[in-house]
Amino acid sequence: MAFPDGAPVAGGTTPAAPDYSPATWPEPVALRPRHPLDPLGTVLIPPAERRLFTRAATGGPAPATAFPTAELPVVTLPTAALPATAFPTAAPAAVPVMTAPGPLLAPPARHPGPEDRPRTRRLTLPGGTEARRQRLLERVRVPLRARHRIAVLGDPTEEGTVALGALLGGLLAEHRAHPVLVLSTTGTPGNEFRTGSRLVLRSVKPDPAALRQALDEADGHYPVVLADTAGAPPEVQLAAAGHTDHLLLHARACATGARTTDALIDHLTALGHGHLVHGAVAAFTPAAPTDRPVADRDLLPHFRTRCRGALALPHTAPGRRPRTRLDHLELAALVGDAMAERQRAGAGTLEVGAPR
């Protein structure tokens with residue numbers, strides 16, 4: 001007995017191993033080398049070389065055709081007309097064509113403008129703003145039977161804003177039916193500027209004698225004359241106070257402005273102008289950025305006990321209407337109250353000629 005590997009067994013000889021070799025070996029197959037891929041595996045093998053084993057061009061049978069080369073039969077559809085009910089006979093609806101040159105965007109939302117608002121009518125309600133304005137205008141338009149002079153004393157207005165004398169003169173000329181002259185100690189002496197037909201702005205030399213001469217020349221030509229000496233030397237301001245019927249004191253709404261106005265009132269009273277101080281009006285404009293402001297509730301009540309009235313006014317830029325019209329009308333109304341009081345005191349008769 002022998003094992004397949006030909007090992008000897010007990011008591012016998014080693015038989016020969018069987019030969020399983022084929023009678024004929026197949027012919028060797030030539031292998032076509034493959035193109036290696038790159039490290040990332042992104043180079044593909046061409047379609048003609050995707051077969052791993054191909055026979056040589058000679059010595060072997062031709063590869064079988066993958067697909068039949070015979071032509072496919074042609075199917076002819078019947079040409080008979082289909083029933084009338086197979087398809088609808090109505091023509092299809094036309095599809096709109098968009099011809100916009102740019103991207104199609106939704107139109108912007110339209111906000112309602114002033115023309116879309118319903119028209120309203122102003123109603124004059126008792127106690128409202130319009131009623132208060134009418135009451136102030138009645139005080140401004142008080143009849144005047146004598147010449148009336150107003151002197152503006154105190155601090156100058158801030159640069160870039162309308163002077164207080166020009167502002168008050170413009171209000172009086174607008175709401176009263178007679179011309180108003182404003183003499184200003186700022187600017188080039190002799191310059192004159194007219195706004196409209198009733199307001200005249202004239203610059204005079206900041207000198208007491210020049211101011212008195214300008215006041216005398218205005219007599220008989222202008223019923224109301226304002227001498228704006230705010231910011232002028234003290235002797236010029238005192239000269240204006242000695243030739244006036246009413247005082248307007250201007251200061252900034254700060255601690256320094258309040259102390260200066262108090263000192264000016266005391267000085268005028270000591271000089272014998274107590275009656276002018278009692279009927280004066282103190283007007284305060286906003287404090288400068290470098291000053292310490294004082295609240296209106298602390299400033300105005302104090303000066304209302306020393307003068308006829310005190311009020312706070314906003315700055316007014318040139319060429320623009322006052323921001324708070326009622327505040328400026330309140331100033332003109334206080335001046336109108338002084339005019340009415342002087343009329344009741346028995347002032348002389350007014351004789352006014354043509355303005356020059």
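The values are calculated or read from the model by the stated rules, or taken from the named source; none is laboratory data. Keep in mind that this is a model prediction, so the values were computed, not measured. Cβ placement follows ideal geometry from the backbone for every residue including glycine, while neighbour counts extend to all protein chains displayed.
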Looking at Leu299, Leu313, Leu329 in this structure, which one is farther than 20 Å from Thr161 by Cα and either out of contact with any Lys or Arg (no Cβ under 9 Å at 6 or more places or on another chain) or at pLDDT 85 or above (or both)?
Leu299
Selected residue [of a type outside the set (D, E, K, R), surrounded by 20 or more Cβ atoms within 10 Å (Cβ to Cβ) and either modelled with pLDDT of 95 or more or on the phi < 0 side of the Ramachandran plot (or both)] from Ala209, Ala240
Ala240
When you check Thr324 against the structure, is it at pLDDT below 85, out of contact with any helix residue (DSSP H, G or I) (no Cβ under 9 Å at 6 or more places or on another chain) and β-branched (Val, Ile, Thr), yes or no?
yes
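I need a count of the residues in region 211-245 that are in a strand (DSSP E or B) and among the hydroxyl-bearing types (Ser, Thr, Tyr).
Matching residues across region 211-245 total 0.
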Hey, any hits in region 278-294 for a residue that's at pLDDT 95 or above, closer than 16 Å to Val224 by Cβ and β-branched (Val, Ile, Thr)?
yes
Given the criterion of a type outside the set (Ser, Thr, Tyr) and over 46 Å from the mean Cα position of the chain (by Cα), identify the matching residue among Gln213, Gln237.
Gln213
Selected residue [in a strand (DSSP E or B), within 23 Å of Val277 (Cα to Cα) and not polar (S, T, N, Q)] from Arg149, Arg202, Arg139:
Arg149
Name the single residue that is nearest to Gly231 (Cα to Cα) among those in region 187-197 being assigned to a loop (DSSP other than H, G, I, E, B) and touching a strand residue (DSSP E or B) at 6+ places or on another chain (Cβ under 7 Å).
Gly187
Considering residues of region 152-186 that are of a type in the set (S, T, N, Q), crowded, with 20+ Cβ neighbours inside 10 Å and part of a loop (DSSP other than H, G, I, E, B) only, the residue nearest to the chain's Cα centre (by Cα)
Thr157
